[in-house]
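Participant: So that we are looking at the same thing, I have put the structure below in structure tokens.
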Amino acid sequence: MSKQTPHSTLARWSRAGILFGTRASRTSPDLERLLLDTARYAPGNARLFNHAVAWLTTYSNFIARHRLKRLVLDELEPHARPTLGLLLDLAVTHGASRELNLAADLCGRHDTPRILFDVHRGSATRRRLVEKSTSPAAIARGLWALKPEPPTDALRPAAWIIQRNPGYRDRAIRKGDLRSTILETLRLDAPDGMLDSERVLAQRCAANRPAVSRSLNDLEIEGICLRHPDPNDRRCTRIQIHAA
């Protein structure tokens, strides 16, 4: 479970290219976990939610989509999943990659509809307004929320984001595909950047093994060799990324 806070979530988004007027974090954010934290804290900050929709609409190719899918299942609390699902749905509607549906399809809906943002719970007038005018996308997730207007003028350009977060460049080049998930899973989720086998890698990537094998082959063509046969047992091949 994330140890982040609402303030640090804004700081990480500032580092990733949203103009929040807050000091940016010192390190590049883990984008997939940043989306999870956004879903957790969005009810208390509608501006955070709307700006994240805008960012994801523009920069969805930075997201390692299979990894996001796996983290939704492994780390995101069930009560926060419909909020993330709505965020992803809205981004896709506004032009983000439809491949985000890999994760969105797992986010489900609330059985009993509830108001999404705390600000709309503050008065009976606001509650009636949001219940009457909620967007169809929100209803589909069991939420009451007005249709957002993503503020595209609150985003840094891609060149600014990549200059300050050089690791995002390769994500964008690979358009967040399974190669991105393999690399980010090894870098961020595997002790010492290593997993015991291709089978374990497939499980950690929430993908089938043939697809993972093909992606490993593609990475080898790029000059990134992640398969390392065990010298003592040729039947075993560990998957490891070496630190730069």
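Participant: Which whole number of Å³ per residue matches the convex hull of the alpha-carbon atoms in segment 79-186?
Facilitator: 139 Å³
Participant: Which order, highest average first, do 221-232, 124-135 follow once you tally other Cβ atoms within 10 Å for each residue and take the mean per peptide?
Facilitator: Per-residue Cβ counts within 10 Å, averaged per peptide and sorted highest first, yield 124-135, 221-232.
Participant: Ok, one more. What is the set of long-range amide H partners of Ile18 at a cut-off below 5 Å, with H atoms built 1.01 Å from backbone N?
Facilitator: Here Arg156 satisfy the definition.
Participant: May I pose another question? Whole-Hz Karplus ³J(HN,Hα) for segment 127-139, in order, using 6.51 cos²θ - 1.76 cosθ + 1.60 and θ = phi - 60°, x for Gly and Pro?
Facilitator: Using θ = phi - 60°, the values come out as 4, 4, 4, 6, 5, 7, 10, 4, 7, x, 4, 5, 4 Hz.
Participant: Also, quick follow-up: Quickly estimate the mean residue ellipticity at 222 nm for the chain, helices only: each DSSP H run with n ≥ 4 gives -39500 (n - 2.57), and the total goes over all residues, rounded to 500.
Facilitator: About -14500 deg cm²/dmol.
Participant: How big is the shadow of the Cα convex hull of segment 177-240, averaged over all directions, in nm²?
Facilitator: So the Cα hull casts an average projection of 4.2 nm².
Participant: For a quick check: with amide H placed at 1.01 Å from N, whose amide H comes under 5 Å from Arg238's, ignoring anything fewer than 5 positions away on the same chain?
Facilitator: His228, Asp230
Participant: Viscosity 0.890 mPa s, temperature 25 °C: Stokes-Einstein D of segment 54-124 from its Kirkwood Cα radius, in µm² per second?
Facilitator: For the chosen part, D equals 189 µm²/s.
Participant: Can you give the % of DSSP beta bridges in the chain that are antiparallel, to the nearest 5?
Facilitator: DSSP beta bridges in the chain are roughly 80 percent antiparallel.
Participant: Now, a different point. Determine which aspartates and glutamates satisfy two conditions relative to Lys175: a Cα distance under 19 Å, and not lying fewer than 8 residues away in the same chain.
Facilitator: Partners found: Asp30, Glu32, Asp89, Glu99, Glu184, Asp218, Glu220, Glu222.
Participant: Separate question: Viscosity 1.306 mPa s, temperature 10 °C: give me the Stokes-Einstein translational D for segment 121-181 in µm²/s, with Rh taken as the Kirkwood radius over C-alpha pairs.
Facilitator: Taking Rh from Cα pairs, D becomes 105 µm²/s.
Participant: Quick one: what Rg and Dmax do you get for segment 1-64 from the alpha carbons, in Å?
Facilitator: 10.5, 27
Participant: Can you tell me the alpha carbon radius of gyration of the chain divided by the globular rule-of-thumb value 2.2 N^0.38 Å?
Facilitator: Rounded to two decimals, the normalised Rg is 1.08.
Readers should treat all values here as calculations from the given coordinates under stated rules, not as data from a laboratory. Please read these numbers as outputs of a predicted model, since none were measured by experiment. Reconstructed Cβ throughout: ideal geometry from the backbone, glycine too, with neighbour counts over all protein chains shown.
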